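The values are calculated or read from the model by the stated rules, or taken from the named source; none is laboratory data. Because the structure is a prediction, the values reported are computed rather than measured. Heavy atoms of the whole protein, side chains included, go into the accessibility calculation; ligands, DNA and RNA do not. Shrake-Rupley method; radii C 1.70, N 1.55, O 1.52, S 1.80 Å.
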Amino acid sequence: MRFAKTQGNEAPIVLTFDDGLSSHGEFVIPLLKKYNLTGTFFITNNEWEDESRIDWNLLKVIEEDGFEIANHTYGHRKLTIHNEMFVSNEITQLEKSLIDYGITDMKTFCYPGYHNNTMVQSIVESLGYDFARQGYGEPNGFDD
């Protein structure tokens with residue numbers, strides 16, 4: 001996770017964007033560049049082929065521009081209701097897809113819908129992630 005530079009005792013500000021939406025490429029990235037800011041973009045699979053998803057061909061360019069591309073799982077499912085093999089596959093399947101697009105330096109993970117427990121946290125850590133974002137508030141109520 002890349003942190004904005006701060007001065008003195010100021011806390012860092014971390015800008016994160018979920019789900020790999022096309023509006024991130026269209027609006028967010030140009031604004032971040034304009035104000036010399038960076039951000040972390042949590043990406044899910046690219047099989048949701050509709051206009052709401054970012055074009056994966058842009059991901060490597062976005063990363064080269066200094067933005068972090070990070071893992072938000074393949075299917076954006078509630079991980080806490082599944083077994084260890086399923087959870088591990090959800091994470092590694094997205095990693096493999098991102099590697100196919102040249103994204104190889106994934107150090108940050110985001111729990112879909114804020115859902116996590118010690119089993120999920122342990123898997124994320126064992127897969128080598130340095131940071132895991134949960135979010136604020138209560139988990140959202142989506143179903144698989």
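If the cut-off is 22 Å between C-alpha atoms, which lysines fall inside it for residue 78, apart from same-chain ones fewer than 8 positions away?
Within reach: 96, 107.
Could you provide, to the nearest whole Å², the per residue accessible area of the stretch 97-137 with probe 1.4 Å?
Averaged over the residues of the stretch 97-137, the accessible area is 52 Å².
Quick one: grab the alpha carbon gyration tensor of the stretch 50-120, order the square roots of its eigenvalues as a ≥ b ≥ c, and give me rounded if a/c is under 1.5, else prolate or oblate depending on whether a/b is larger than b/c.
Prolate.
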